[in-house]
Structures are given as C-alpha cells and as structure tokens.
Amino acid sequence: MDAKFNLTQGPILKKLVTMAMPIMATSFFQMAFNLADMFWLGRLGSDAVAAAGTAGLFFWLSMALIFIGRMGAQIGVSQNMGKGDPKAAKGFAQNSFAVSLVLGVAFTTVILIFPNQLLGFFDLEADVALQARQYLVTTAFALPFIFAHQVISGAFIGFGNTKIPFYINSLGLAVNIAITPLFIFTFDMGIVGAGIATVIASALNLTLKVYAMKWYKKRPFPDYRILAKPDGASVRQIFKWGAPIGIESALFTMLFMIVTRLVSDFGTGALAAQRVGSQVESLAWMMAGGFSSAITAFMGQNFGAKKYGRMRKAYKLSLMVMGSYGAFIGIVLFVFAAPLVGIFLEDPDYIVFGVEYLRVFAFTQLLFCMEEVAAGSFRGRGLTYKPTVVSITCNILRVAMAYIMVFVFDFGLIGIWIGIAISVTIRSSWMIIWYKINQAKSLPKHDEDTALTPQ
C-alpha cells in the first residue's frame, strides 16, 4: 500500500488531519449546498422552506440504509488493508456496493408508491403538503445514485485516500449549487426544480466515482468490479457492522419526525425555524461527522495492524482537536445567532424562533464534537453496536424530554429545544465515558502488545 495512504505509520496528528481535512471540507461544501438550497427556496417563501425540510426528513431516514453499505466498505477495507490483505478488502468494497444499490432502489420504490401516506404523518397545511410531495417524489430519483456513490466514498476512505471523494463530491455540490437557481427561477419549476438539480448532480457524482474506482491510477484496487457476484459471508459481515449504525440512524430520524410533528403544532414558522436552525447548526455536526469518518478509517487500519498504542494516542489528540472546534462553534452560534438566521428568514417572529434554537444548542457543541470522536473510534474497531446503544437510548429520551418541557413545564416551543439539548448532553457524556472505560479495559497500551481482552 502507498505510504501516503498507510495510516499505521507516520506522525499521528498529521495523518489524522490529512485524512480528516478532505472529509470535513466535503461536509462543509455539503452544508454550503444545504444553506444555498434553503436560501433559494426561501425566496419562494417560508412554505417552500418548511416543505423541503419536512420532505428532507425521509432522505435523512435513507441514511440508515446508506450507512450499512458505506460502513461495510469503510470498516472492511480499512481493517483488511491494515492486516495486509487487499483481496479481502476489495471483496468488502464490491459486496458493499451491491448491498447498497439494492437498498437504494428499494427505498426509492417505497417513496414513489407511498408519498402521501409518508407525508400525512405531519398534518401539514395544504400548500406546504403539496410542495413537500413534489419535492419528495422528484428528489427520490437521486437516491439510488446517492446510495451507490456513498459506498465508493467509504471504500476510498477506508483505503486512506480521502482526497478523491472530496474532489468529486465538491464538483457535484458545485454543479448542484450552480444549477439549482436555474431550474427554480429561470425554468420556473419552483421546488420541483430544486429536486431535479439534485438528481442531476447525484448522477454526475456517481459517474465520476465509478470512473475513479475503475480507471484512476491511484485507485485502491486494480481490478475492482462494480457488479461482482455477492459473497454470502461478506454480506453477512457487512450487515453485522452496518446494521447497528443503520438502526441507530433510522430510529434517530423517526424520533426526530415525532419531535417535528410536535413542532408543527406551533405553525409553519416554527417548522421553517427548525429547518434553518438545524442547517446552521450543521457547522458543528457535519464537520464532527467528517472527522469521525476519518478516525474510523484510522482506527480500522491500526486495529488490523495491532497498533494499539497508536490508537490510544490518536484518540487523545482527536478529543483535543474536536473539543476545541466544538467550543469555537458554540460561541459562534450563541453570539451570531440573529444575523445567521436572518440570512434565510425574513419574518421577525420566525427569526426569534431560529435564534432561540441556535442559542440553546450552542451549549451542546463542545461535548457533541468530542462524542463523534468516541463513536468513530468504536466503529473503527468494529464495535458499531456500542454507539447504537447510547444513541437509541438517548434519542428516546429526546422525545420524552421535549414533551415534558412542553406539556409539563409549559415552556412552549423553546421547551422542545431545551429538552433535545438535555438529551444530547447526556448522550455525548455517556459516549465519551464509555469509550474511555472500554479503552482502559480492552485495548493494550502499547503497539507491541497483541492480546486483546473481551470488548
């Protein structure tokens, strides 16, 4: 393996930063696209923002299935490359692609058949419901492309090459940003135009990644097959790694939908404010997620190579880096809440809702960014079920706390934000503490130690 992509050797912080920066930059561009998309939709009115935000929850739900294939590729490739077994690594990359493509087509089919039933849960106002259905059905055609190109990204990241996914994702997002206003306003297609732009950009993204995986000179495997015959043992292992993450993501989204249903009782302005607030807050969670993906690959390669001391040092350094970033973002969200929300919403009452959202969640950013380090470290070792246990428990608590704050303490809309923030703080603290305890008990302190205790 090229030394540049070998994460088991070289300066730890340099390797982590080199790995993480392209992934985090991709997350930044994704956030920029989301904000640009929301900005253009905002010119159509708050109803369009609320409609896209509600329909977008089902694409968030699709991440549960995307994670199965992506994490199967990322963990399988990273651990086997660390072991020095590129043939097995390629097998996981190919089988993950097949799994993800099937899941993507199946999920898209469900959306196309049952759009009204899916959106009916939210009891939207008539105009918002119509626009949400249009956006959901149109953008659904992008999902098979998204499922497939996410798996190829996972294979590249597991191999240690994060730059290729970054370049391609950035180009895809740039195209999406450029053509979205063209379809919305020039072609006068409204919210449907935003969906069409996403489909085109997603198809381009997949095309370029297939080319990179098959013909790029620094591709991970010289003879990668897109439609290889699935191997039963590999597919089962992919689901073993990916299913806990998928279940975690699915339940998180479904529980978030329940909270969104509660938010909808406060009107379209509350829904629009939630949409804007969550996208601005993604300054933290998309970057933290990107770093988490990098440390998953780092831990995977070093776990496969039995470099346990190196893993310990990487975890400590990562906590310091992401803790500092989380503190910075928390300050930004609190101090600049009003001007940030004002970019996307014009109604003064709606802006107040968004400001309250950002200022409450500002206090969760430091621990949340550190939580993502712990979660990524668990996943790199193949212990994907541990973050799932924490997340599911605390996301159920999230719904309970939101309802308590609204109906018991009568805090109104801000009570929902406070309840969620409390559950996030508990989740982050639990994840960080559990990884620290698990690391002390089961991970040898030095690279030369080879005996693992039960995990």
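The values are calculated or read from the model by the stated rules, or taken from the named source; none is laboratory data. The structure presented is a predicted model; accordingly, all values stated were derived computationally and were not measured. Cβ placement follows ideal geometry from the backbone for every residue including glycine, while neighbour counts extend to all protein chains displayed. Accessible surface areas use protein heavy atoms only, side chains included; no ligands, DNA or RNA. Shrake-Rupley method; radii C 1.70, N 1.55, O 1.52, S 1.80 Å.
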- Query: With the other protein chains left in place, how much accessible area per residue, in square angstrom, belongs to the chain at a 1.4 angstrom probe?
  - Reply: 39 Å²
- To the nearest 0.05, how large is the calculated FRET efficiency for Met21 and Ile343 if R₀ is 22 Å and r is the Cβ-Cβ distance? 0.25
- Quick one: if you stick a label point 7 Å off each Cα along the C-beta vector at Phe121 and Phe363, how many nm between them? 3.0 nm
- Query: For the stretch 102-174 and the stretch 275-345, what is the separation of their C-alpha centers, rounded to whole Å?
  - Reply: 23 Å
- Distance in nm between pseudo-label sites at Val210 and Leu112 (7 Å out along the Cβ direction from Cα): 1.7 nm
- Regarding the stretch 177-311, what are the three Cα extents along the principal axes, ordered largest first, in Å? 54, 36, 31
- Percent carbon-and-sulfur accessible area, the chain, ignoring ligands, DNA and RNA, probe 1.4 Å: 68 percent
- Ordering of 87-97, 193-203 by packing [mean C-beta count within 10 Å, highest first]: 87-97, 193-203
- Task: Using just the helices of the chain, give the 222 nm mean residue ellipticity in deg cm²/dmol: DSSP H runs with n ≥ 4 each add -39,500 (n - 2.57), and the total is spread over all residues, rounded to 500.
- Result: -28000 deg cm²/dmol
- Query: For the stretch 274-370, max minus min Cα coordinate along each principal axis, in Å, sorted largest first?
  - Reply: 57, 18, 15
- Note on the structure: Per the charge dipole of the stretch 107-239 (beta-carbon charges, Lys/Arg positive, Asp/Glu negative, Cα centre), the residue among Ser153, Tyr135, Tyr216 reaching farthest to the positive end is Tyr216
- Query: With every protein chain present, what accessible area does Arg427 have (1.4 Å probe, heavy atoms only), rounded to the nearest 10 Å²?
  - Reply: 20 Å²
- Note on the structure: Rounded to whole Å, √(5λ) for the Cα gyration tensor eigenvalues of the chain, largest first, gives 35, 26, 19
- Query: For Phe187 and Leu13, what is the calculated FRET efficiency with R₀ set at 35 Å and r taken between the beta-carbons, to the nearest 0.05?
  - Reply: 0.15
- What residue among Phe409, Gly380, Cys369 has its Cα farthest toward the positive end of the dipole of the stretch 351-422, where the charges are +1 on Lys, Arg and -1 on Asp, Glu, each on the Cβ? Gly380
- Note on the structure: Magnitude of the Cβ-charge dipole (Lys and Arg +1, Asp and Glu -1) of the chain about the Cα centre, nearest 20 debye, reported as 2580 debye
- Please calculate the 1.4 Å probe accessible area of Trp40, with all protein chains present, and give it to the nearest 10 Å². 80 Å²
